[in-house]
Amino acid sequence: MRLFENIHIDWLGKRKIFYAVSAIMFLIGVVNVALRGFQFGIDFKGGSEIVLQFDNAVDIAQVRNYVENIGLGSIEIKTFGGETGVMVRTELQNIPADIYPRVVNNIETAVHDIYPGIPLRVVDSTESSITYELPNADTTNSLVSKLFAQGYQTGKVSEEPDNRQMVVNVGIAEWVKENLKTKMADNPFKVIKEDHVGPKVGKELKQDAVVAIIFSLIAILVYLAFRFKFIFAFGAVLALFHDVLITLGLYAALYGVIPGLNLEIDLTVVAAFLTLVGYSVNDTVIVFDRVRENMKIHKTMPLFDLLNMSINRTMSRTILTGGTTLMATIVLLIFGGEVLRAFSFTLFFGVIIGTYSSIFVASALVLEYASKSKKKVQF
Amino acid sequence: MKEFRFTIIIILAAIGLSLYLLYPTYKNYKNEQGISKILDKRSEEITKSNPDISKDDLSKELRLVEDSIKAANPSFTTTKTKAVKLGLDLQGGMRVVLEVNTGKLLEKIAKNPDDTFKQVISEAEKEAAITDESVVDIFARIMSQRGVRLSRYYGSIRDDDSKIISELKTDADDAVTRAMEIIRNRVDQYGVSEPSIQRQGSRRVVVELPGVAREEEAKQLLQGTALLEFKLVKDPQFTLSVMNKIDKVLAAKNAGGDSTITADTTAQDSTKQLSQEEFEKQHPFYTMAMIDPNGKFADAYVKEDQKDKLKILLSSPDVQAVIPNNVEFDFSAKPIGKQDGKDIFMLYCVNKAPELTGGVITNARATIDPNTSSAIVEMEMNSEGATDWARITGANVNKRMAIILDGAVYSAPNINGKISGGRSQIEGMANMEEAKLLEIVLKAGALPAPVKIIEERSVGPSLGQDSIYAGLKSTIIGFLFVALFMILYYQKAGTVASAALIFTVLFILGILAGFNATLTLPGIAGIILTIGMAVDANVLIYERIREELETGKTMKASVDSGFSKANSAIIDSNITTFLTGIILYQFGSGPVQGFALTLMIGIGASLFSALVIARLVFNIMVTKGMKITIG
């Protein structure tokens, strides 16, 4: 079987069309980024996320209704995987001040259910925990384990034998679980995933991600400049920017548009972008490698024709290598599961746009640069 | 064929090595299947005979069964260590990043924290949350802005600020070490298999606990102050008499109630008369906890695989009934040696009531004794503690004092004489490392190491299972799609490429196993992606060969120049991906690193398959004059 055999298309003559196509895609991205912004996952935003797996199918609107009433403000609720999975997420780090008394009240009710009338003295209360002092060590120990068995996160303040203080955590996740447990008693759930990211960690991860992407672009620029002439390296890296920016724009544009596709930028998505940076330059390298070879053979041919000829001759392999990789990403997208969906989507779209740019954009950029500088391009 | 001999040997060696490295993974899978079958059956039996059993007790029972299976087959454990490790996202578990709460530490070690102090601390903490500056620096800066000297709260009155700042920084640093040791100790005792506790940067500790389902409980392990106690070790006669009683209770239990053992046999003389099997039956306790018959002490030696079992037995009600209620058994925190490749722990019988707790310790320092040039630890106590210490040591000369942190014995030195003045010297450490550890432990009981959780990720085992399944399915489907396409498009040459693809996957897995690397879900994605990218090299070569054939060259010449001319494009395009793989590995953590790793290994493996294996097959086919179709 042969595809694209002996094609003689004047790609560069039509480059204005592709500039327009790229510019439109780019603009759509920019507008969406400006208007809608990016949706970051909790890796970068910080916050809490729990994924619950219910025993029976669950009505997401009902869960949303329950959770919205527990005073945590706007909480994000989504399905996860099938119809029994629910993801609950909030950017809040701690229980808000106005809910705090309710949470504490719940704890104290639970304590009094176990030991009616036991005197409780609050010795310390922070945003995420409350510490009680109890009359004696034995009740403290038994209360710690009894409350723990009920799902509260309790602990002794010290392991000293005469310790009378008990600390109870009042985190977001605990509060959500506790409420759903009572409100949805007929459909029990278990927690299959729980993430909590502090605000500082989120900020650091964001910085690291940006640095990593910039570093990889520089590394590729340096490597290509070393292997090819600078102008080709420059063209290739510009094409890379083109790929990354358009894919990023798509993220902003498509967020929440396709049902079941959760396009949030998290750590794995950054990994996908970095892979994209490394991979989408491949096809460009193949074209430029052929340009270099043809330059040696056809010494007098103008750059315009040289580039066209090289693109045409390498067309089949550009499409094929992109195609097989695309196959792998489609499989991942369909069968890879919920956790990898956004990752696979980034690669899927990135490979398409990468193949497009190495055919239509990278060489055109080299040509523009060469005609501007009016120098003869050599290897 | 002679000219290919060398290449063939290399390829066969690579395949052989990969298979050899992967064999333990397969074996481990089989072992675990076997174990889980037994456990399922056993759990059914238990629930049938005792329907009211709590989930907790059931899992305890099952763990016991699992331990005994593993103890009976030591190869299970060695196989497991050689198998490809699964990341937390695949096997379930939790990863927690802790940061030492410097603000709290400063508050706790300050001499007389007044209102100004508390204000400044909370200000400093708020600022530290948004900048990279350390809490100590911010704290010192605000204090100096307010014109308050640090010596008001720390050190002595003559110390200048810079000296105090550097001391506080050391304290904050030490707190991380202390926190790590406390956590390690607790995690060891909790019985998590293969925990990982690592320091990250200057103030952070990363704890990974695979397979922990009860995350709340695990989280508790990581926080809270540690308890250091000094407890007297019981003398050998007493200890042996208690152990004999325990032994009898267990033996009676073994014999199912109608005990045939004569009551007056003691452990010592029965060893000589009984065969191994009989001994195990009649003296179950001494089988697990071995006593050195010629030793000065009655401390028992326990193999690591028996430790959990013994712990559960010791806490069972009928054994508890024969242990006097003022003593308890505690294990050593660290193994004291190895036997048959297994770590050996010590079991001590100590007084239940501590003589002193760690709060009285003011300082501890590992150092070298100038006289004997061996490692020692110097310990200082406050005046209150010193008085008690002098009385306690005076009354117990030539007895041993166990130093116990959160229930684990770190050292049990002999009391050589009455120690007055509160300065003690602990000898008998094998090296400086051991002495340093004891220093940390002694300080852990006195100084706080407040930590807070700044990142936490946990994955339940069921989600992990689903992910493994999804990953496997995608790998197989991805492989079939790509292989089918290659065969359709390039016919015989495509078949060669598809076969080489199998080896690529084999090599990736083999290298992962060989390097003891961890496979994560993104790692599996990396393998699938590699399958798609690996054939790129084949495509480049085949397209080139087609071109060469078009110019009228022979098959042999076309294959040769096809391979050599495609080389530069293949190398260039793969190196760029490899470069981003390296950066990704640096940037990422856990799962993402797993992806970067498989991506990089995949590139290496696919290049080998395309440039060495596929080429060899082509060369052989050409020399044998076989017909090669390339579509």
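Derivation of every value follows stated rules applied to the coordinates shown; laboratory data play no part. The shown structure was predicted, so the numbers you read here are calculated from the model rather than taken from an experiment. With ideal geometry, Cβ positions are generated from the backbone for all residues, glycine too; neighbour counts draw on all protein chains shown.
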Rounded to a whole number of µm²/s, how large is the Stokes-Einstein D of chain A at 25 °C and 0.890 mPa s, given Rh as the Kirkwood radius over C-alpha pairs?
99
What shape does the range B:25-107 take by its C-alpha gyration tensor, where a ≥ b ≥ c are the square roots of the eigenvalues and a/c under 1.5 counts as rounded, a/b above b/c as prolate, and the rest as oblate?
oblate
In peptide B:586-598, how many Cβ atoms from other protein chains are near each Cβ within 10 Å, on average?
4
Report, in deg cm²/dmol and to the nearest 500, the calculated mean residue ellipticity at 222 nm for the protein assembly as shown, where each DSSP H run with n ≥ 4 adds -39500 (n - 2.57) and the sum is divided by the residue count.
-20000 deg cm²/dmol
Honestly chain B on the Cα gyration tensor test (a ≥ b ≥ c root eigenvalues; a/c under 1.5 rounded, otherwise a/b vs b/c for prolate or oblate) is just oblate
Among A:F80, A:L143, A:G155, which residue has its Cα positioned farthest towards the positive end of the charge dipole of the range A:1-156, with +1 placed on the Cβ of Lys and Arg, -1 on the Cβ of Asp and Glu, and the dipole taken about the Cα centre?
A:F80
Using the 10 angstrom Cβ neighbour count as an exposure proxy, how do A:K372, A:K45, A:K206, B:K418 rank, fewest first?
A:K372, B:K418, A:K206, A:K45
Total formal charge among the other residues, if their Cβ is under 10 angstrom from that of B:Y286, Lys/Arg +1 and Asp/Glu -1
-2
With charges set only on the Cβ (+1 for Lys and Arg, -1 for Asp and Glu), what does the dipole of the range A:58-101 come to about its Cα centre, in debye to the nearest 20?
60
Tell me, in nm to one decimal, what length is gained between A:A149 and A:R64 on full extension, where the rule is 0.36 nm per residue of separation less the Cα-Cα distance?
27.9 nm
Give the average over all directions of the projected area of the C-alpha convex hull of the range B:229-445, one decimal, in nm².
13.1
Inter-part gap, Cα centre of the range B:587-619 to Cα centre of the range A:289-361, in whole angstrom, is 20
State the Cα centre-to-centre distance between the range B:404-437 and the range B:154-211 in whole Å.
21
Between the range A:230-254 and the range B:63-115, the Cα center-to-center distance that results, in Å:
42
Please work out the ratio of the alpha-carbon Rg of the protein assembly as shown to 2.2 N^0.38 Å and round it to two decimals.
1.11
Counting alpha carbon pairs within less than 8 Å and at least 6 residues apart, what relative contact order, in whole percent, applies to the range B:461-623?
32
Pick out, from A:T131, A:V168, A:V210, the residue whose Cα sits farthest towards the positive end of the charge dipole of the range A:124-217, with +1 on the Cβ of Lys and Arg and -1 on the Cβ of Asp and Glu.
A:V210
Please tell me which of these pairs span more than 32 angstrom C-alpha to C-alpha: A:K156/B:K70; B:K296/B:K443; B:K231/B:K303?
A:K156/B:K70
Give me the distance in nm between label points sitting 7 Å out from Cα along the Cα-to-Cβ direction at B:T81 and B:K399, one decimal.
4.0
Calculated FRET efficiency, B:Y469 and B:T623, Cβ-Cβ r, R0 41 Å, to nearest 0.05?
0.35
Counting DSSP beta bridges in the range B:229-445, what percent are antiparallel, to the nearest 5?
95
On C-alpha positions alone, give me the angle between the axis of helix B:236-254 and the longest principal axis of chain B, in degrees, nearest 10.
50
What are the extents of the Cα atoms of the range B:493-631 along their three principal axes, in Å, largest first?
53, 24, 21
Placing unit charges on C-beta atoms (Lys and Arg positive, Asp and Glu negative, everything else neutral), compute the dipole magnitude of the protein assembly as shown about its Cα centre in debye, rounded to 20.
4140
The range B:95-224: C-alpha gyration tensor shape, a/c 1.5 cut-off, then a/b vs b/c:
prolate
For every other residue with a beta carbon closer than 12 angstrom to the beta carbon of A:D283, add +1 if it is Lys or Arg and -1 if Asp or Glu, then tell me the sum.
-2
Which order, highest average first, do A:209-219, B:114-124 follow once you tally other Cβ atoms within 10 Å for each residue and take the mean per peptide?
A:209-219, B:114-124
Subtract the Cα-Cα distance of B:R63 and B:L17 from 0.36 nm times their separation in residues, and report this length gain in nm to one decimal.
13.1 nm
How do B:I575, A:I297, B:I164 rank when sorted from fewest to most other Cβ atoms within 10 Å of their own Cβ?
A:I297, B:I575, B:I164
If R0 is 41 Å, what FRET efficiency do you get for B:K418 and B:S151 from their C-beta distance, rounded to 0.05?
0.65
Give me the log10 of I(q) over I(0) for the range B:476-530 at q = 0.19 Å⁻¹, as the Debye formula computes it from C-alpha points; what are the numbers?
-0.69
Can you tell me the 0 to 90 degree angle between the C-alpha axis of helix B:55-72 and the longest principal axis of chain B, rounded to 10?
70
Protection proxy (average C-beta count within 10 Å per residue), highest first, orders B:527-539, A:283-295 as B:527-539, A:283-295
Just to confirm the number: angle between the C-alpha axis of helix A:100-114 and the first principal axis of chain A, 0 to 90 degrees, nearest 10?
50
Could you order the peptides B:356-363, A:354-361 from most to least packed, using the average number of other C-beta atoms within 10 Å per residue?
A:354-361, B:356-363
Of B:R158, B:R204, how do they rank once you tally other Cβ atoms within 10 Å and put the fewest first?
B:R158, B:R204
Quick one: putting +1 on the C-beta of Lys and Arg, -1 on the C-beta of Asp and Glu, what dipole do you get for chain B around its Cα centre, in Debye to the nearest 20?
1580
Between beta-carbons, use under 11 Å as the cut-off and find the net charge around B:I157, counting Lys and Arg +1, Asp and Glu -1.
+2
Need one value for B:475-484: mean number of C-beta atoms belonging to other chains within 10 Å of its residues' C-beta atoms.
4
Inter-label distance, nm, simple model (7 Å from Cα along the C-beta direction), B:N431/A:F230
5.4
Shielding by other protein chains, A:334-345, mean Cβ within 10 Å
6
Output the relative contact order of chain B, whole-number percent, from Cα pairs under 8 angstrom with separation of 6+ residues.
18
Eigenvalues of the alpha-carbon gyration tensor of the range A:100-170, times 5 and square-rooted, give semi-axes in Å, largest first, of 17, 14, 11
